[in-house]
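The values are calculated or read from the model by the stated rules, or taken from the named source; none is laboratory data. The model shown is predicted, which means the values in this text are computed figures rather than measured ones. The protein model used for the area step is the full one, side chains on, heavy atoms only, and it has no ligands, DNA or RNA in it. Shrake-Rupley method; radii C 1.70, N 1.55, O 1.52, S 1.80 Å.
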Amino acid sequence: MSTSDSSHRWVATLIVLLLLFQAGNWAWHKYQKFQQQPALKSAAALKHKIEASMAYDTALMAADSLLASADTAAAARLLDSLSQQSTDGLFPIERQKLQRLQQSLDSVRALSPPQRR
């Protein structure tokens with residue numbers, strides 16, 4: 001056996017080992033990326049839920065402002081519109097705020113004299 005054949009075998013072995021290392025590294029990165037996908041999806045869903053709740057809360061604050069300024073008709077229209085929207089994708093606090101504002105509207109209506117038409 002010549003030293004040339006031995007050198008070729010060592011070089012070939014090193015190349016195969018480097019290729020195996022690269023393949024393992026690629027597989028590991030793919031596995032890590034696959035493991036992170038559910039976390040990224042849940043983060044996106046949470047971000048969407050926060051944005052929807054913020055928009056709903058802004059509308060609730062507008063209704064509260066209308067109630068504070070004694071514009072019960074506009075507040076009633078806004079609260080009716082909000083109560084028709086689904087709150088399944090929102091935080092529970094938004095439903096509680098809606099109920100509280102509807103109760104406030106009901107109590108304001110009960111205290112105010114009937115309107116003539």
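Applying the condition of being open to solvent by 70 Å² or more (accessible area, probe 1.4 Å) and part of a helix (DSSP H, G or I) to the stretch 66-92 and asking which residue is nearest to SER112 (Cα to Cα) yields ALA68. Return the only residue of LEU46, LEU60 being open to solvent by 80 Å² or more (accessible area, probe 1.4 Å) and assigned to a helix (DSSP H, G or I). Just one listed residue meets the conditions, LEU46.
Of the residues LYS30, LYS41, LYS47, the single one that is within 30 Å of ASP88 (Cα to Cα) and modelled with pLDDT of 90 or more is LYS47.
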